[in-house]
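Reviewing the structure listed below.
Read-outs: derived from the displayed coordinates by stated rules, not from any lab. None of these values were measured; they are calculated from a predicted model. As a convention, Cβ positions derive from the backbone with ideal geometry for all residues, glycine included, and neighbour counts pool all protein chains shown.
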Amino acid sequence: MAENPMLKFVNVPRDMPEKRDASQRREDFNEIYAEYADAKAKEQASRCSQCGVPYCQSHCPLHNNIPDWLMLTAEGRLQEAYEISQATNTFPEICGRICPQDRLCEGNCVIEQSGHGTVTIGSVEKYITDTAWEEGWVKPIKPSVERPETVGIIGAGPGGLAAADRLRRAGLQVTVYDRYDRSGGLMTYGIPGFKLEKDVVMRRNKQLEDGGVTFVLNCDVGKDITFDEIRAKHDAVLIATGVYKSRDLQGPGSGAAGIVRAIDYLTASNRKSFGDEVPEFESGELNAEGKRVVVIGGGDTAMDCVRTAIRQGAESVKCLYRRDRANMPGSQREVQNAEEEGVEFVWLSAPKGFSGDTVEGVMVQKMRLGAPDATGRQVPELIEGSDYVEDADLVIKALGFEPEDLPKLWGVDGLDVTRWGTIKADFRTHATSLDGVYAAGDIVRGASLVVWAIRDGREAADAILDYVGKAAKVAAE
Ligand code: FAD
Ligand code: SF4
Ligand code: SF4
């Protein structure tokens, strides 16, 4: 009887792709993990126990058919693995790189629960699609029919692009509007290259362009074109504008020079990686070189800022967070990477104020964790008399993002929003309160993840196809 290629987790230990040495990583913005060699990808895929009820799949927002593409990889049938993987995920190589797998698929792998170490699902997913690109298995977008209906998509982030891909494949005429000069949204200008190299994103942008999606870049909706104009031009509209209003710091001195927003800091750094002229970087305003940097926040954006500052040659980099390590929202894997690279975490600490017209120091208050609140999270409480000053030449605020007031900004009546300012949309169809207008990604969910934006974009595209199809039928009757 042929040997079962799977269930090898008992004898084969979990092994991630090789991670570059921290001293080398600090010197550039390249990704930190190497690619699996073919034999290693096969070996790691073969650890899967092919669960009848695969919790990995149910905890993947795209419900990727993980057991099947792991088995095909283990059997060396990579092209088939790729076909299955891309059927549910528009950008598998991107998710394989940047999904917080420890909270999604891998965190729910039964092998992890049984103490053997999770199957390295994300790394295998990345390997499959990177190989598919190398081998020419990723086919251009070529609709079998051209349809007359047009869709306007506002926002070229993962939500907008996932929808554009699906709609264009169905033959619709798709125009994507974005205020930036490059597509990709936060995948291009937010997430640093050491997590997601930029050519991986640009390759996808090109695929969409070559497939007939029209991009109108440097176009700020609400300024360069009105929302009503876009609505009048298209049979349906998708809003996928993300959330960009940074939460701010309070306290004396919080307006001092040298205190900057994380999104501005990361965008400048990403633009430098593209070779763009960035005056705020050249002037030193958004450059950490030679500075004592303090980043405030404990989420993934804060992790990206501290690790960027290290690579820019900061003298020291500290991350201030008001809870402790176990209660931070950012990924534990990223904290470990940051520590390896030389970042110091100052847990249970919050800023009280800032000294200097150009910032010189952060007044820090120490905290302890008190009783849990209604959400079950322990509330940080002040420890009286524990204040001290942390020297700083650059302070980066990474406290999270909120939605802009789109109905007001765009002068749109009848576009309903929630009490948090996110757009109200049906959770299955993503239809908003306006006829023919849909919304997807962070602008609906609040700051979330690329994989959720992809799911929303795909679902919204399906609902739009349904909508324009019905409208065409009514028009023909
Ligand atoms: P976005 O990616 O924000 O794209 C929105 C697009 O709309 C942008 O291109 C913007 O320019 C455009 N736009 C906005 N307003 C207008 C307008 N008026 N006119 C024209 N265009 C407009 N997620 C992960 O899964 N893994 C990670 O590791 C990760 N790291 C992150 C790191 C950082 C620093 C940040 C900020 C976020 C990170 N995220 C991560 C979250 C993830 O990037 C977002 O959840 C995701 O990009 C949301 O996709 P989206 O399409 O809704 O919006
Ligand atoms: Fe895991 Fe993300 Fe891939 Fe789903 S898309 S299998 S959550 S890495
Ligand atoms: Fe394989 Fe783990 Fe998924 Fe089970 S939960 S099918 S072992 S990857």
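Translational diffusion coefficient of the range 366-412 at 25 °C, 0.890 mPa s, Stokes-Einstein with Kirkwood Rh over Cα pairs, in µm²/s as a whole number.
Values: Rh = 15.0 Å.
The diffusion coefficient I find is 163 µm²/s.
Lys and Arg at +1, Asp and Glu at -1: add these up for the other residues within a Cβ distance under 10 Å of P351 and post the number. Display every interim value, and only then the final one.
Numbers: positive: R322, K352, K397; negative: E390.
Its environment carries a net charge of +2.
Think of each Lys and Arg Cβ as +1 and each Asp and Glu Cβ as -1; about the Cα centre, that makes the dipole of the chain roughly 820 debye. Per-residue 3J(HN,Hα) values for the range 341-356, derived from phi via the Karplus relation 6.51 cos²θ - 1.76 cosθ + 1.60 with θ = phi - 60°, read 7, x, 7, 9, 9, 10, 6, 6, 9, 10, x, 9, x, 9, 10, x Hz in sequence order (x marks Gly and Pro).
Tell me the mean residue ellipticity at 222 nm calculated for the chain from its helices only (DSSP H runs of n ≥ 4, each -39500 (n - 2.57), averaged over every residue, nearest 500). Please report the intermediate quantities before stating the final value.
Values: 19 runs with 172 residues, N = 477.
Theoretical 222 nm ellipticity from helices: -10000 deg cm²/dmol.
Run the numbers on the range 18-106 and let me know its relative contact order in percent, using alpha-carbon pairs under 8 Å that are six or more apart. Taking the mean separation of contacting Cα pairs over the length of the range 18-106, I get 25 percent.
Quick check on the range 332-395: take the gyration tensor over C-alpha atoms, sort the square-rooted eigenvalues as a ≥ b ≥ c, and tell me if it's rounded (a/c under 1.5), prolate or oblate. Don't skip to the answer; put the middle values down first.
Working: a/c = 2.54, a/b = 1.18, b/c = 2.15.
Taking the square roots of the gyration eigenvalues as a ≥ b ≥ c, the range 332-395 is oblate.
If we sort 231-244, 296-309 on the protection proxy, mean other Cβ atoms within 10 Å, highest first, what's the order? Don't skip to the answer; put the middle values down first.
Working: 231-244: 22.5, 296-309: 25.7.
Packing proxy ranking, top to bottom: 296-309, 231-244.
Can you pick out the pairs among K318/K366; K19/K397; K291/K318 whose Cα atoms lie more than 22 Å from each other? Too far apart for the 22 Å limit: K19/K397. What net charge do the residues around G242 carry, taking every other residue with its C-beta under 13 Å from that of G242, with Lys and Arg at +1 and Asp and Glu at -1? Residues close to G242 contribute a combined charge of -2. The loop-placed GluC sites (Glu not before Pro) in the range 220-284, going by DSSP, that have at most 12 neighbouring Cβ atoms within 10 Å of their Cβ come out as E277. Would you be so kind as to identify which of I154, I310, T88 lies farthest towards the positive end of the dipole of the chain, taking Lys and Arg as +1 and Asp and Glu as -1 on Cβ and the Cα centre as origin? The listed residue farthest towards the positive side: T88. About its Cα centre, the range 222-289 has a charge dipole of approximately 320 debye under the convention of +1 per Lys or Arg Cβ and -1 per Asp or Glu Cβ, with nothing else charged. Among T175, P192, V216, pick out the residue whose Cα is farthest towards the positive end of the charge dipole of the range 175-267, where Lys and Arg carry +1 and Asp and Glu carry -1 on C-beta, about the Cα centre. Going by the charge dipole, the pick is P192. Taking 7 Å steps out from each Cα toward its Cβ at E381 and V346 produces label points 2.3 nm apart. Across the chain, Cα-Cα pairs farther apart than 28 Å form 56% of the total. Dipole of the range 321-477 computed with +1 at Lys/Arg Cβ and -1 at Asp/Glu Cβ about the Cα centre; of A398, I383, G370, farthest Cα towards the positive end is G370. What the phi angles of the range 320-327 give under the Karplus curve with 6.51, -1.76 and 1.60, with θ = phi - 60°, is a coupling list of 9, 9, 7, 9, 9, 4, 5, 10 Hz, glycine and proline written as x. Check E381: other-chain or 5+ apart residues with amide H under 5 Å from its amide H, H built from backbone geometry? The list, which skips near neighbours in sequence, is R368, L369, G370.
Comparing Cα centroids, the range 426-461 and the range 371-415 end up 24 angstrom apart. Placing +1 on the Cβ of every Lys and Arg and -1 on the Cβ of every Asp and Glu, with no other charges, gives the range 22-148 a dipole of roughly 240 debye about its Cα centre. Comparing the range 1-80 with the 2.2 N^0.38 Å rule of thumb, its C-alpha radius of gyration ratio is 1.31 (two decimals). Short-range pairs are left out: with C-alpha atoms under 8 Å and at least six residues apart, the relative contact order of the range 357-477 is 16 percent. Net charge of the neighbourhood of L449, taken over other residues with C-beta under 13 Å away and scored Lys/Arg +1, Asp/Glu -1, is +1.
Close amide H pairs (under 5 Å, H built 1.01 Å from N) link F345 with C319, residues at least 5 positions away or on another chain.
Let me know the shape class of the range 85-139, please: from the alpha-carbon gyration tensor, a ≥ b ≥ c as square roots of the eigenvalues, rounded when a/c is under 1.5, otherwise prolate if a/b is greater than b/c, or oblate.
Working: a/c = 2.93, a/b = 2.30, b/c = 1.27.
Prolate shape, in that a/c is at least 1.5 and a/b is the bigger ratio.
Across the range 183-189, rounded Karplus estimates of 3J(HN,Hα) from the backbone phi angles (6.51 cos²θ - 1.76 cosθ + 1.60, θ = phi - 60°) give 7, x, x, 5, 5, 8, 10 Hz, Gly and Pro being marked x.
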